[in-house]
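A.B. asks: Below are the structure tokens for one structure; questions will follow.
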Amino acid sequence: MAQIEQGLILLAVGMAVLFIFMGLMIVILHYFQKIAARFSPKD
Amino acid sequence: MLEEIVRFFSAGILSIGLKEIAMYLIGAALIWLAIEKDYEPMLLLPIGFGAILINLPLGTVWEMYGEPGILQTLFNAGILSEVFPLLIFIGVGAMIDFSPLFQRPWLMLFGAAAHIGIFVTVIIAMAFGYDLKEAACIGVIGAADGPTTIIVTKQFAKDLLGPIMVVAYSYMSLVPIIQPPVIRALTTKKERLIRMQAVDHQIPRSVTISFPIIVTIVSCLLVPMGAPLIGFLMFGNLLRVCGVLEKLSSTAQNELANIVTLLLGISVAASMRADAFLRLETLGIMALGLIAFIINTAGGVLFAKLINLFLPKTKKINPMIGACGISAFPMSSRVIQKMALKDDPHNIILMHAVSANVSGQLGSVIAGGLLLALVPLLAGGM
């Protein structure tokens, strides 16, 4: 039972961190692209 | 004297048992799969030949006159030290083009969703009696990421390195066989026919150059244990995108990746000695590895279907894209595009699939880092 509990903690924390990382990267990429586009030289 | 000479020459023959012969057959089967079926030949052929080599009489390639043999030297220097898998990551990083992902960053979510199988399989493996560390090594097979699998297994269950590596690389090559039936079982034809809008806007160069640096810093803030994995992957990518190191980028993608792959394959085979490989446990690893792969594929597809519930009719996602959230790049995206074309010869979803696929590469590395960090914490509390 304790082992299953460990597995469940691993599942919950693992998936949470994965989604947090991907979410953070989406936000960073979104705003970074906007900022970079504003400062990049125009044709 | 004559007796000693006879004993010397018969020692090799007498040391061969049924187990060794079985390993020769397994090695031959891997070589056959590599040559005839073209299943990951760059890895399965060296692994297959190495499996024969390591089980030759008296195991002289492993140890001779009490000194380490060539395979033991390569194994210690390349696998146990983690040098080979990390060098491979430089090559992989240099091969990956993240620009499709910059057009559609939200597809990164699939790189997370399609890794649920790793953690679910850990629970299943523990229910079958494996301890947490062994279960983590088996679960990570589902990530379809060889170097990450090696590093996690080397850390937690060195004894299982042989079977886990062979299973992991075999399943990676079987993506075209494993994924389609899972996807078809979970989607309707109507869903598979969904077309996705093409996005094409200019990506500033500063974004492509900053991306590997930002990913490295952000991921290591969250999972410091993953620093070697993500760091080397992103270093390779920086070589590619910086635009001033064409030669190094090309070397990383070709010469470095090829040389290390060659050495990696034959070194991994060093852990395929008959006694360690021919166990009931190997069959269990094969079954659980397959389960991990299937759950990962299903996780991505079901997550796409979940998102579709909240999207307007015109913006629905083709759920097959979700299956590309695994690390098997670019094989998985090719398989999904092929499936899409089978149902509708004009449905081009390749760039969306590639975007999910490259985020799957990131996801598998983060998942590996998470296992390296969390498993000792949880195991310590046992």
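A.B. asks: Figure the gain on full extension for residue B:77 and residue B:201 (residue separation times 0.36 nm, minus the Cα-Cα span) and round it to one decimal in nm.
C.D. replies: Separation in residues times 0.36 nm, less the Cα-Cα distance, equals 40.1 nm.
A.B. asks: Fewest first, what order do B:268, B:166, B:83 take by the number of other Cβ atoms within 10 Å?
C.D. replies: B:83, B:166, B:268
A.B. asks: Right, something else. Given 0.36 nm per residue, what is the gain on full extension from residue B:344 to residue B:185 after removing their alpha carbon distance, in nm?
C.D. replies: The span from residue B:344 to residue B:185 would gain 55.4 nm if fully extended.
A.B. asks: What dipole magnitude, in Debye to the nearest 20, does chain B give about its Cα centre under +1 on Lys/Arg Cβ and -1 on Asp/Glu Cβ?
C.D. replies: 1720
A.B. asks: Here's another thing I want to ask about it. Would you calculate the separation in nanometres between label points at residue B:29 and residue B:315, each defined as 7 Å from the Cα along the Cα-to-beta-carbon direction?
C.D. replies: Label-label distance for residue B:29 and residue B:315, simple model: 5.0 nm.
A.B. asks: Right, another one. Of A:35, B:79, B:209, how do they rank once you tally other Cβ atoms within 10 Å and put the fewest first?
C.D. replies: A:35, B:209, B:79
A.B. asks: Using the Cα centre as the reference, give the magnitude of the dipole from point charges on the C-beta atoms of the protein assembly as shown (Lys, Arg: +1; Asp, Glu: -1; all else neutral), rounded to the nearest 20 debye.
C.D. replies: 1940
A.B. asks: So what's the back-of-envelope 222 nm ellipticity for the protein assembly as shown, counting only DSSP H runs of four-plus at -39500 (n - 2.57) apiece and dividing by all residues, rounded to 500?
C.D. replies: -22500 deg cm²/dmol
A.B. asks: Need one word for the range B:143-211: rounded, prolate or oblate. Basis is the Cα gyration tensor (sqrt eigenvalues a ≥ b ≥ c); a/c below 1.5 gives rounded, then a/b vs b/c decides.
C.D. replies: Oblate, because a/c is 1.5 or more while a/b does not exceed b/c.
A.B. asks: Right, here's the next one. Please list, or write none, the aspartates and glutamates whose alpha carbon is within less than 17 Å of the alpha carbon of residue B:338, excluding same-chain residues fewer than 8 places away.
C.D. replies: B:191
A.B. asks: Mind listing the long-range amide H neighbours of residue B:63? Cut-off is under 5 Å, sequence gap 5 or more, other chains count too, H placed in the peptide plane at 1.01 Å from N.
C.D. replies: B:69
A.B. asks: Restricting to Cα pairs below 8 Å that are 6+ residues apart, what does the relative contact order work out to for the range B:1-101? Please round to a whole percent.
C.D. replies: Computed over the range B:1-101, the figure is 18 percent.
A.B. asks: Using alpha carbon coordinates only, what is the Rg to Rh ratio of chain A, with Rh defined as the Kirkwood radius?
C.D. replies: Looking at chain A, the ratio lands at 1.44.
A.B. asks: I've got another one for you. Set the Förster radius R0 to 51 Å, insert the Cβ-Cβ distance between residue B:21 and residue A:34 as r into 1/(1 + (r/R0)^6), and round the FRET efficiency to 0.05.
C.D. replies: 0.20
A.B. asks: For B:251, B:149, B:208, which order do you get if you count the other beta carbons within 10 Å of each Cβ and list the fewest first?
C.D. replies: Arranged by neighbour count, lowest to highest, B:251, B:149, B:208 become B:251, B:208, B:149.
A.B. asks: Measure out, as a whole number of angstrom, how far apart the alpha-carbon centroids of the range B:1-46 and the range B:112-188 sit.
C.D. replies: 28
A.B. asks: For the range B:1-79, which trypsin sites (Lys or Arg not before Pro) are both in a DSSP coil and crowded by at most 13 other Cβ atoms within 10 Å?
C.D. replies: B:37
A.B. asks: Same structure, new question: Taking the 0 to 90 degree range and rounding to the nearest ten, how far is the long axis of helix A:2-39 tilted relative to the main principal axis of chain A, both from C-alpha atoms?
C.D. replies: Value to nearest ten degrees: 0.
A.B. asks: Restricting to Cα atoms and excluding each atom paired with itself, what does the Kirkwood estimate give for the protein assembly as shown in Å?
C.D. replies: Every distinct Cα pair counted, the radius reaches 22.4 Å.
A.B. asks: For the range B:103-250, treating each Cα as an identical point scatterer without solvent, what Debye log10 I(q)/I(0) comes out at q = 0.16, 0.17, 0.20 1/Å?
C.D. replies: Taking Cα atoms of the range B:103-250 as identical point scatterers yields -1.14, -1.21, -1.31.
A.B. asks: Computed over the Cα atoms, what is the radius of gyration of chain B divided by 2.2 N^0.38 Å, N being its residue count?
C.D. replies: Computed over Cα atoms of chain B, the ratio equals 1.05.
A.B. asks: Taking every pair of Cα atoms in the range B:4-43, average 1/r, invert it to obtain the Kirkwood radius, and report Rg/Rh to two decimals.
C.D. replies: Reported Rg/Rh, Kirkwood definition of Rh: 1.28.
Every number in this text was worked out from the coordinates using simple rules, so none of it is lab data. Just so it is clear, the model here is predicted, and its values are computed rather than measured. Virtual Cβ from ideal backbone geometry, glycine too; neighbours counted across all protein chains shown.
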